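Q: Mind having a look at this structure? Questions to follow.
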Amino acid sequence: MPEGKHRSVRNMTDKSERNARLIFIVICLAIFLFMLTLNIWTPLIADDFERSMMSSMEQVLSSVKYYYLHSGGGVFVTFAINAGFLVLSETVFDFLNAGVFLGMILLMYRLSHPRRKHDCLLLLFLFCAVWVFTICFGQVFLWRVGTVAYMWPMTAILGYLRLLDRKPKTDAPERAIPLRIPAILGFAVFGLIVGWMTPPLSGACLLISLVLTWGYRKRGLDWMLKSAAGIVGQLIGLYFLVRAPGNAERAAYFPNPAGGMAKVLETRFEVPLSYVTNDTIQLFLLFLILFAFLLVMSRRRRDKGYAALFFVGGLASAFSMVLAPSGTAAGRVFLGMTTLVIIACGSALSALRDRKQKETAHAIGVFAALVVAFLLATTIVPGVYGIYHYRSESNKREASVRKQVRDGKRDLSVTAYPEITSKYVGAYKLEDIHDDPSYWYNIGYSRAHGIDSIVTK
């Protein structure tokens, strides 16, 4: 090829890459601003009122100790929730949650193994899929307690898996054992933290980590030592998570149904199966279609195995709730399942678009993106409106409370919210103020507003 023509092709490639990078950045900024707006529109909900009363680090640590001894084992999550309400204002919380959400999407993007440096189609696919297929979107991405309890741990676990999945530099020199110790200890501590998060997420992370460690075992001694240290850390964290005294107390509070082990398993399997909604079925079908094309069009076993691993990890995250006491699971705990299966879809989609049959593979990618975009288009307006409408109802309630306080009342009554049917609202399927002033929600709301009691009319 003549030098001039070669230079022209290179310039066109550089320009195309610059344009792709610019569009990629614009999409990231749009996702951040979109989620920031939704967070700003979401008021304090349910547990938020009680947590907002945190006044000192001593109170935070005391609540973590009480939780571990009497309610559950996730001390890192409990600490993050209470400390977050202690040191962060609502505005900072909103910005931080929008940033963590964007970070989660970008980690999903990297774990999907994009074949292009700035694959805008894949990035949009992942965001749209999270919006469409997350079972209780508002609870895990907008409700403040829910974001710290589920979105933040999910992002931390994806960060750990990304470090584990990241290919080491081949030209890096072999380091002496003492120089490897800081990195090995760092992996062990990070593994301890992600293993001590929540059972559905931590268990799935351990499963994927074990398989990746075996699959990448030829990466060298340095990588194997760090990976092994992370797995040991996860096992230690998971042990203390599961063996927490609070879990035994919680199990005693939710006794198993009569009828033997068969009845117990039947009851517990009903929990994850009850959350197999249309969204879940559509997500699973989308993965099976993409994976079927991958089986036919790809000869690389690693592409197929990688996508299948995250799909199995998602199923493991969901069905780990079979081990939980009967009746204690909620839709928000299945965030791990949805996120990991979406990564499996993204991985299959990315691998397909890198095949030799470029036109066919590209058509499959565009088709998958259009399907998800159609589902997004049919849910975006009612979802955003539902969030805004709930904010309006909350503003009316707060105005009513302020007026009654100005009138000298200490025992207040407010109108109950209309039934919330949109999964995008933070308060979807969460508790609200009852007609009983001694109910936990009523007490937390009263304390946060400095009144004696509150009930619904």
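Q: Between ASP452 and TYR388, what's the calculated FRET efficiency when r is the beta-carbon distance and R0 is 30 Å? Round to 0.05.
A: Taking R0 as 30 Å, the efficiency between ASP452 and TYR388 is 0.40.
Q: List TRP214, TRP152 from most exposed to least, where exposure is judged by having the fewest other Cβ atoms within 10 Å. Please report the intermediate quantities before stating the final value.
A: Values: TRP214 9, TRP152 24.
With the fewest neighbours first, TRP214, TRP152 line up as TRP214, TRP152.
Q: Determine, for ASP432, ASP407, the number of other Cβ atoms within 10 Å of each Cβ, and report the residues in order from fewest to most. Present the calculation step by step, with values, prior to reporting the outcome.
A: Details: ASP432 17, ASP407 8.
Ascending number of Cβ neighbours within 10 Å: ASP407, ASP432.
Q: Just to verify a number: FRET efficiency for SER413 and GLN59, C-beta to C-beta distance, R0 = 30 Å, to 0.05? Display every interim value, and only then the final one.
A: Values: r = 30 Å, r/R0 = 1.01.
Given R0 = 30 Å and the Cβ-Cβ separation, E is 0.50.
Q: What is the order of LEU241, LEU235, LEU349, fewest Cβ neighbours within 10 Å to most?
A: Fewest-to-most Cβ neighbours within 10 Å comes out as LEU235, LEU241, LEU349.
Q: Working out 0.36 nm times the residue gap between ARG162 and LEU288, then minus their Cα-Cα distance, what length gain in nm do you get to one decimal? If you can, show how the numbers build up before the last one.
A: Working: separation 126, 0.36 × 126 = 45.36 nm, distance 2.40 nm.
Answer, rounded to one decimal: 43.0 nm.
Readers should treat all values here as calculations from the given coordinates under stated rules, not as data from a laboratory. Note that the coordinates shown come from a computational prediction; the quantities given were computed from them, not determined experimentally. FYI the Cβ positions are ideal-geometry reconstructions off the backbone, even for glycines, and counts take in every protein chain you see.
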